[in-house]
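The values are calculated or read from the model by the stated rules, or taken from the named source; none is laboratory data. Since the structure is predicted, the reported quantities are computational estimates derived from the model, not experimental observations. Here the Cβ is made from the backbone with ideal geometry for all residues, glycine too, and neighbour counts use every protein chain on show. In case anyone asks, the SASA skips ligands and DNA or RNA and just uses the protein heavy atoms, side chains included. Shrake-Rupley method; radii C 1.70, N 1.55, O 1.52, S 1.80 Å.
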Amino acid sequence: MVRDESVNGEPATLYSGHDQLPDAKVDSQVWISKARGLPLKMEMDMDTGGAAGKSHRTVRYEYSNVQPPAGVQ
C-alpha cells in the first residue's frame with residue numbers, strides 16, 4: 001500500500017509495484033475501491049530500452065449499469 005486517494009470521488013487505496021525483467025523494467029500502480037474491493041484505475045510504465053523505448057498505459061474501470069447476462073441467476 002502506498003496511500004489512500006480517491007478516483008472519480010470514490011475512496012481507494014493505491015498500491016504500487018516494480019518488476020525487473022531480463023528485457024524490461026515495469027512500474028505499475030493500481031487503485032482499489034475501499035467500498036467494493038474492485039480495481040478503479042491502473043497505470044503502467046514500461047521501459048524496454050532500445051528501439052521500443054518507453055510506454056505508458058492508463059486503464060480506467062467503470063462499473064455503472066453492469067448486469068448479469070440473461071438467464072444467469
* Asked: Which one of Thr48, Thr58 is open to solvent by less than 100 Å² (accessible area, probe 1.4 Å), in contact with a strand residue (DSSP E or B) (Cβ under 8 Å, 6 or more places away or on another chain) and farther than 26 Å from Asp4 by Cα?
  -> Thr48
* Matching entry among Val26, Val30, Val72 (being farther than 20 Å from Asp4 by Cβ and under 15 Å from the mean Cα position of the chain (by Cα)) -> Val26
